[in-house]
1. Which of the residues spanning the stretch 172-206 are exposed (fewer than 13 other Cβ atoms within 10 Å of the Cβ), within 30 Å of Leu24 (Cα to Cα) and either modelled with pLDDT of 90 or more or not polar (S, T, N, Q) (or both)?
2. Go through (1) surrounded by 16 or more Cβ atoms within 10 Å (Cβ to Cβ); (2) over 21 Å from the mean Cα position of the chain (by Cα); (3) more than 24 Å from Lys236 (Cα to Cα) and name the single condition Tyr327 misses.
3. Sort through Asp290, Asp329 and tell me the only one that's within 19 Å of Leu4 (Cβ to Cβ) and among the charged types (D, E, K, R).
4. Among what's in the stretch 74-111 and is small (Gly, Ala, Ser) and assigned to a helix (DSSP H, G or I), pick the residue that is nearest to the chain's Cα centre (by Cα).
5. When residues of the stretch 21-54 are filtered for being within 21 Å of the chain's Cα centre (by Cα), modelled with pLDDT under 85 and surrounded by fewer than 17 Cβ atoms within 10 Å (Cβ to Cβ), how many remain?
6. State the number of residues belonging to the stretch 333-357 that are within 14 Å of Phe315 (Cα to Cα) and not hydrophobic (A, V, I, L, M, F, W, C).
7. Take Arg264 and decide whether it is out of contact with any helix residue (DSSP H, G or I) (no Cβ under 6 Å at 6 or more places or on another chain), at negative phi and outside the structural domain of Leu189 (by TED's automatic domain parsing).
Amino acid sequence: MNILILGNGFDLAHGLKTKYSDFLDYCVEKNNKRIIGMINYGTTFIDNIWLQHFITTCNNYGKNWVDLEDEIYRVVLSLNKTLLDLSGGEIEMIFPLTFSIKKDILEFNFYKIIDYLKTCNNRLETDKKKYITVETNDFSHLYFYIENYQGLINFIYDQLRTFVEMFERYLNEVVMSEIDSEPKYQLSLLQSSKPNIKSFLFILNFNYTNTLTKLYKDTMDSKQKKSIRNFYVHGKINANNIVLGTQFFDDKNNNIPSEFNVFRKHNQRHRYNTIEDYQSLLQIIKSSNDNTKRIFHVIGHSLDKSDYAILKHIFLAHNDSIINIYYHDEEAQERLINNITKIIGEEEVMAKVRFIHQHDPKRGILIPIEAPALVAN
């Protein structure tokens with residue numbers, strides 16, 4: 001039984017611009033080209049406060065910064081502290097509030113959120129979300145009237161989901177639309193003999209994209225196509241179930257209210273029903289009806305802390321297993337050694353894990369296809 005675990009490095013190896021920083025660059029470029037007064041994809045999406053915050057953070061840390069999950073956690077900490085400081089511990093006492101941002105300028109930063117929050121003496125009628133949006137007549141500012149504490153959480157979270165929708169649209173309309181070219185690799189797992197019922201290729205996909213099946217579909221026969229089963233643990237494009245949040249809250253030193261749990265990936269997996277994909281694969285791996293060896297193939301996943309719990313359950317679900325981890329350079333290999341050891345422990349790593357260069361012609365997973373030689377006339 002082969003279980004392929006895909007991370008974003010798989011898409012990057014195929015030249016796809018799926019990094020968050022790629023999306024932020026794209027948004028900045030679109031914003032610079034916006035036409036005042038027009039309402040379309042290129043002119044309105046920049047008003048999202050998470051997008052503005054991520055762009056500001058990227059500018060501060062440099063183009064290599066891509067850790068949105070840790071940044072969401074830092075924002076939750078900062079927002080919670082700000083509310084406690086403003087209210088003296090009685091948070092509901094500071095409501096209602098108005099929250100204002102200036103449109104068209106990439107200047108928003110969550111760490112200066114006190115500059116955007118103002119007390120409001122007038123009470124307005126809101127819906128079940130407990131906040132409403134008002135735009136000024138000259139379209140220069142957005143105001144959000146926030147009725148209570150839950151309304152503020154709803155507002156910040158809805159803004160994050162709008163960011164997710166924009167990122168999904170970018171992946172679908174910009175990135176995946178450019179994937180029709182010939183693949184530059186052979187995927188070794190597709191080169192084996194025709195599969196039978198015991199040699200299904202199960203794919204645990206941490207990406208939102210369907211790069212493998214779309215790019216390699218012409219290299220597979222009908223039986224191979226039917227033998228592939230995809231499990232999207234964080235959702236996929238065009239399914240309205242993408243998960244984007246932080247892994248956990250360190251409550252030892254930070255008293256974070258449960259209302260903020262909507263920002264946790266754990267809660268979102270259940271909320272958007274992606275956990276069932278993971279649970280289904282887990283049961284398949286644990287099954288006693290199939291006595292074939294479980295062989296994990298990990299490519300493009302950093303094995304970092306954000307997915308420790310998911311990966312630990314999967315890797316330790318069956319005693320008789322091998323874990324092949326593919327790397328692209330020595331620096332990545334060292335990082336992967338450290339990360340997998342944190343997940344399953346040194347003894348399990350010594351017994352089960354093999355590190356293989358992803359382009360190795362004999363043992364690799366992505367074998368470069370040599371360009372055809374030019375023939376002289």
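1. Taking the stretch 172-206 as the starting set, the residues that turn out to be exposed (fewer than 13 other Cβ atoms within 10 Å of the Cβ) are 173, 177-178, 180-182, 191-194, 196-198.
Next cut, within 30 Å of Leu24 (Cα to Cα) only: 173, 177-178, 180-182.
Scanning the stretch 172-206 gives Glu173, Glu178, Asp180, Glu182.
2. Going through the list (1) surrounded by 16 or more Cβ atoms within 10 Å (Cβ to Cβ); (2) over 21 Å from the mean Cα position of the chain (by Cα); (3) more than 24 Å from Lys236 (Cα to Cα), Tyr327 breaks only (2).
3. On the way: Asp329 fails: within 19 Å of Leu4 (Cβ to Cβ).
Asp290 is the lone residue from the list that is within 19 Å of Leu4 (Cβ to Cβ) and among the charged types (D, E, K, R).
4. Of all residues in the stretch 74-111, those small (Gly, Ala, Ser) come to 78, 87-89, 100.
With assigned to a helix (DSSP H, G or I) added as a condition, the list becomes 78, 87.
Numbers: Ser78: 22, Ser87: 34 Å.
Per the stated criteria, the residue is Ser78.
5. The qualifying residues number 1.
6. The initial filter retains those residues of the stretch 333-357 that are within 14 Å of Phe315 (Cα to Cα), namely 339-354.
Remaining after also requiring not hydrophobic (A, V, I, L, M, F, W, C): 339, 341-342, 345-348, 352, 354.
The qualifying residues number 9.
7. Working: out of contact with any helix residue (DSSP H, G or I) (no Cβ under 6 Å at 6 or more places or on another chain): yes; at negative phi: yes; outside the structural domain of Leu189 (by TED's automatic domain parsing): yes.
Answer is yes for this residue.
For every residue, the table says whether it meets (1) among the hydrophobic types (A, V, I, L, M, F, W, C); (2) not in a loop (DSSP other than H, G, I, E, B).
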residue: Ile237; (1), (2): yes, no
residue: Asn241; (1), (2): no, no
residue: Leu244; (1), (2): yes, no
residue: Phe249; (1), (2): yes, no
residue: Asn261; (1), (2): no, yes
residue: Arg269; (1), (2): no, yes
residue: Tyr278; (1), (2): no, yes
residue: Leu281; (1), (2): yes, yes
residue: Ile284; (1), (2): yes, yes
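The values are calculated or read from the model by the stated rules, or taken from the named source; none is laboratory data. Everything numeric in this text was worked out from a predicted model, so none of it was measured. Note that we place each Cβ from the backbone using ideal geometry, even for glycine, and neighbour counts take in every protein chain shown.
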